[in-house]
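Written below as structure tokens is the structure these notes are about.
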Amino acid sequence: MPPSGRAGSGSGAAGNAGGSSTIPGGQVTQPPPPPAGGSSGAAGASPAGEGCAAISQTAEVERGPVDVVWIIDGSGSMLDEIIAVQENITNFANMISSAGIDHHVVMLATDDVAGPTPLGMDPAHYLYVPAIVDSHNALQLLLDQYPQYAPFLRPDAPLHFVVVSDDESDVPAATFQMQMEMLAGKKFTFHAIASEADANGFPCVGACGIPILCGGFAPGLQYYALADATGGQKISICIADWSMVFGPLQDAVIASAPLPCDYPIPPPPAGGTLDPDKVNLEFTAPGAQAQVFPRAGSETACAQSLAWFYDDPATPTQIRMCPAACTAIGGGGTIQIQLGCETIVVD
């Protein structure tokens with residue numbers, strides 16, 4: 001089960017629109033108070049309608065771990081891309097760490113590709129696996145070298161693979177996916193930083209909307225197919241600003257970190273009282289529509305419902321996820337706790 005949240009400092013404000021506490025990755029963000037007699041807008045919208053007291057609370061949550069395995073094509077045509085990875089990989093790990101996520105980063109490459117990096121000085125979070133990665137063998141090496149980095153992976157951590165190559169894989173996407181899922185004992189997300197294909201199936205050279213010339217040797221069709229099959233990022237290697245490469249990767253990794261299954265109930269404003277029958281919880285999975293989880297009367301009433309319950313129905317202090325809901329949020333996303341509107345309950 002993902003770790004629990006813990007309360008932090010915050011404030012409440014009464015108003016006419018529903019308030020919310022948003023828990024995206026490491027912290028609940030506090031929306032601005034609504035104008036007098038007005039609405040707080042979309043951020044304050046409530047699933048139960050309008051006319052609700054707005055209360056917001058800042059809190060900190062501990063998200064679960066994430067594992068990321070990089071493999072870098074070390075062929076001669078990859079010099080510029082290798083330098084870009086070396087310049088950005090440490091910031092990539094730091095951004096994940098700053099989101100409060102316990103990250104493990106594995107790098108499969110040759111010594112000159114891995115390069116001198118501060119990551120290498122942090123054995124608690126970084127593992128270097130020497131591997132001669134050429135134009136076509138990245139997927140095969142990930143399978144062959146799995147015993148070398150498997151002990152560094154955590155059973156409860158979402159697993160991401162990132163390949164950087166300007167060529168194509170000899171191993172078909174479906175074959176790799178099947179064999180890696182057997183080795184890891186779970187599904188994974190695969191991100192492809194590879195050559196795009198033009199309308200004729202050739203590598204893009206100043207085409208495909210790419211503003212610069214890029215001499216990819218072959219389109220990374222198998223890499224892109226893996227990204228499609230696993231919900232990963234597809235990023236053209238023909239890109240001038242590599243912050244545009246690492247940004248989406250960081251976001252995807254952070255979003256996948258498991259959310260806590262317990263949340264403190266925000267306190268009411270000074271002098272006010274909180275009605276436990278006017279609390280709702282909304283979950284948004286990465287790339288999906290928001291859905292409201294109803295409240296179950298107790299843990300035993302959860303059954304298989306995507307729902308939540310109070311730690312103590314008489315004097316609640318925490319919202320707790322039912323087992324099915326706890327599993328559902330294990331893939332990361334965003335939680336909103338909305339206060340002041342009639343609670344939606346399990347049918």
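Bear in mind that the values in this text are calculations on the coordinates, not laboratory data. All values reported here derive from a predicted model rather than from experimental measurement. With ideal geometry, Cβ positions are generated from the backbone for all residues, glycine too; neighbour counts draw on all protein chains shown.
So who's got an amide H within less than 5 Å of the one on Trp70, skipping anything under 5 residues away but keeping other chains? H placed 1.01 Å off N, in plane.
Residues meeting the amide H criterion: Val106, Met107, Leu108, Val162.
Fewest Cβ neighbours within 10 Å first, please rank Ser75, Ser169 accordingly. Write out the running numbers ahead of the final one.
Working: Ser75 17, Ser169 25.
Lowest to highest Cβ neighbour count: Ser75, Ser169.
How large is ³J(HN,Hα), in whole Hz, for each residue of the range 96-112 in order, when computed from phi with the Karplus curve 6.51 cos²θ - 1.76 cosθ + 1.60 and θ = phi - 60°, using x for Gly and Pro?
So the Karplus estimates, Gly and Pro as x, are 5, 4, 5, 7, x, 10, 6, 10, 10, 10, 10, 10, 9, 5, 7, 4, 5 Hz.
Please order Ile89, Ile72 by the number of other Cβ within 10 Å, starting at the fewest.
Numbers: Ile89 22, Ile72 26.
Ordered from fewest to most neighbouring Cβ atoms within 10 Å, Ile89, Ile72 come out as Ile89, Ile72.
For the range 130-146, in order, what is each residue's ³J(HN,Hα) by Karplus, 6.51 cos²θ - 1.76 cosθ + 1.60 with θ = phi - 60°, in whole Hz (x at glycine and Pro)?
x, 7, 8, 9, 10, 5, 10, 10, 4, 5, 5, 5, 4, 6, 5, 8, 3
Show me the ranking of peptides 280-290, 128-138 by mean Cβ neighbours inside 10 Å, starting with the highest. Could you put the intermediate results ahead of the total?
Values: 280-290: 15.7, 128-138: 18.8.
Averaged packing, sorted descending, gives the order 128-138, 280-290.
If amide H atoms are built 1.01 Å from N in the plane of the peptide, which residues on other chains or at least 5 residues away come under 5 Å of the amide H of Gln318?
Under 5 Å from the amide H of Gln318: Ile265, Asp311, Asp312.
Where the centre of each part is set by its Cα atoms, how far does the range 280-347 sit from the range 171-190, in angstrom?
Each part reduced to its Cα centre gives a spacing of 32 Å.
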